[in-house]
1. When residues of region 255-275 are filtered for being outside any helix (DSSP H, G or I), farther than 18 Å from TYR187 by Cα and among the hydroxyl-bearing types (Ser, Thr, Tyr), how many remain?
2. Looking at region 1-101, what helices (runs of 4 or more DSSP H) fall wholly within it and have at least 1 residues that are open to solvent by 80 Å² or more (accessible area, probe 1.4 Å) and within 21 Å of VAL130 (Cα to Cα)?
3. Select from region 146-171 the residues that are in contact with a strand residue (DSSP E or B) (Cβ under 8 Å, 6 or more places away or on another chain), assigned to a loop (DSSP other than H, G, I, E, B) and under 14 Å from PRO17 (Cα atoms) and list them in ascending order.
4. Considering each of VAL223, VAL205 in turn, give the residue that is among the aliphatic types (A, V, I, L, M) and either surrounded by 18 or more Cβ atoms within 10 Å (Cβ to Cβ) or touching a Pro at 6+ places or on another chain (Cβ under 7 Å) (or both).
5. Any residue at all in region 202-210 that is over 15 Å from the mean Cα position of the chain (by Cα), among the small types (Gly, Ala, Ser) and either at pLDDT 95 or above or not in a helix (DSSP H, G or I) (or both)?
6. Quick one: count up the residues across region 68-86 that are out of contact with any helix residue (DSSP H, G or I) (no Cβ under 9 Å at 6 or more places or on another chain) and under 9 Å from ASN298 (Cβ atoms).
7. Mind checking which pairs have a first residue in region 10-23 that is within 11 Å of LEU261 (Cβ to Cβ) and a second that is assigned to a helix (DSSP H, G or I), Cβ under 7 Å, 6 or more apart or different chains?
8. Give region 116-162 a look and list any residue that's in contact with a Ser or Thr (Cβ under 7 Å, 6 or more places away or on another chain), more than 30 Å from ARG208 (Cα to Cα) and open to solvent by less than 30 Å² (accessible area, probe 1.4 Å), or say none.
Amino acid sequence: MNAMSSERAQPGALSNPNTFAEYLTFVFKTDIDAEAVSDAFAKIQIIEKSIGQKDSAADLSFTLGVSQHGWSTAFPTTPAPALLQDFKAMVDGERQFPSTPGDVFIMIKSERMDLNYQAAKYLAQAFAKVATLIEDIQGFKYLDSRDMIDFVDGTENPKNTARLNAVLVVDDLEIHQGGSYLTVQRYIDRQGLWDKQSTEYQEQVIGRTKLDDIELDDDVKPVWAHNNKSKVIIDDTEIKMLRQNRPFGNAMEHGTMFIGLTASPVIMSTSLQQMVFADSDGHYDRLLDFVEAKTGTNYFIVSQTLLNTFAD
């Protein structure tokens, strides 16, 4: 692990999820001026600093990602990260992970929903000349960090040095060291169908107990449990990722914003393939019977070093 990489990382990429989050997805307009794009990016840290000063205890942070599709517009003189690719759709029977548009993604996190909203409003204004805001999702901590189907989310997130190793890129151009690969998916819960299942079956689907969030023993946990199918094992070693998921929505429609960070996008694509594609025994991630992915986009969370090039 390069000790310098953590210093080059955007702080929000490494920190835990906050109580509130807001997720902005932008698509660049056509025939836009490169200087106007630079001006928009230059405003990001200005907005973050000005709103963050209103309440330092709110722990406001922005985390910026750019997709392969948007890279040449955002950074015309900087080569793209070596492994950055647009999200490839995955389909098996009725299960599908769609690929959807997104050039710039900004995750706003804090302990105050109102500050997140104000930040989102100013960011939308800053990018208005060069990009269209196509999605604005407000996430929140639900109970003791549960998703809206009432299981704790993010239990197995790596911590400390293990988190740095799991998330930060070190084997690339110096300007990209400290960056991370990010996959964003917005899932909708099929709540009515989920509620018809027994607690015992729900626990088998997730692979953990519902009340006290204990992982099921291997002799009772099905191979199709979510925490089996989403886990990536290479050479008998589990390769971790960082999830900064948050629930969103209301009683009518709700779900989870999946925010998955890795040092290599291969880890994420492997996890998603294991989930959606049935294996030789017909097993897939049974959680996909009860949630539906509506979006899928890959980004590179740029290094703080690259983001700072807009500071002037």
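The values are calculated or read from the model by the stated rules, or taken from the named source; none is laboratory data. Nothing here was measured: the structure is a model prediction, and the numbers come from that model. Ideal geometry is used to build each Cβ from the backbone, glycine not excepted, and the neighbour counts take in all protein chains shown. Note: areas computed on protein heavy atoms with side chains; ligands, DNA, RNA excluded. Shrake-Rupley method; radii C 1.70, N 1.55, O 1.52, S 1.80 Å.
1. Let us first name the residues in region 255-275 that are outside any helix (DSSP H, G or I), namely 255-264.
Those still in the list that are farther than 18 Å from TYR187 by Cα too: 262-264.
Now narrow it down to the ones that are among the hydroxyl-bearing types (Ser, Thr, Tyr): 262, 264.
Number of matching residues: 2.
2. Numbers: elements: 5-8, 11-14, 34-52, 68-74.
Correct list: 34-52, 68-74.
3. Restricting attention to region 146-171, the residues satisfying the condition of being in contact with a strand residue (DSSP E or B) (Cβ under 8 Å, 6 or more places away or on another chain) are 146-149, 151-155, 157-158, 163, 166-169.
Now restrict to residues that are assigned to a loop (DSSP other than H, G, I, E, B): 147-149, 151, 153-155, 157-158, 168-169.
Answer for region 146-171, where residues must be in contact with a strand residue (DSSP E or B) (Cβ under 8 Å, 6 or more places away or on another chain), assigned to a loop (DSSP other than H, G, I, E, B) and under 14 Å from PRO17 (Cα atoms): ASP147, ASP153, GLY154, THR155, ASN157, PRO158.
4. Numbers: VAL223 fails: either surrounded by 18 or more Cβ atoms within 10 Å (Cβ to Cβ) or touching a Pro at 6+ places or on another chain (Cβ under 7 Å) (or both).
Of VAL223, VAL205, the one residue that is among the aliphatic types (A, V, I, L, M) and either surrounded by 18 or more Cβ atoms within 10 Å (Cβ to Cβ) or touching a Pro at 6+ places or on another chain (Cβ under 7 Å) (or both) is VAL205.
5. Looking only at region 202-210, we keep the residues that are over 15 Å from the mean Cα position of the chain (by Cα), and these are 202-210.
Checking which are among the small types (Gly, Ala, Ser) leaves us with 207.
Next, from what is left, pick out any that are either at pLDDT 95 or above or not in a helix (DSSP H, G or I) (or both): 207.
Yes, region 202-210 contains a residue that is over 15 Å from the mean Cα position of the chain (by Cα), among the small types (Gly, Ala, Ser) and either at pLDDT 95 or above or not in a helix (DSSP H, G or I) (or both).
6. Step one: filter region 68-86 for residues out of contact with any helix residue (DSSP H, G or I) (no Cβ under 9 Å at 6 or more places or on another chain), giving 68-72, 77.
With the extra rule that they be under 9 Å from ASN298 (Cβ atoms), the set shrinks to 68.
The number of residues fulfilling the criteria is 1.
7. So the pair list comes out as GLN10/GLN304; GLN10/LEU307; ALA13/VAL167; LEU14/SER6; LEU14/ARG163; LEU14/VAL167.
8. Selection gives ASN116 alone.
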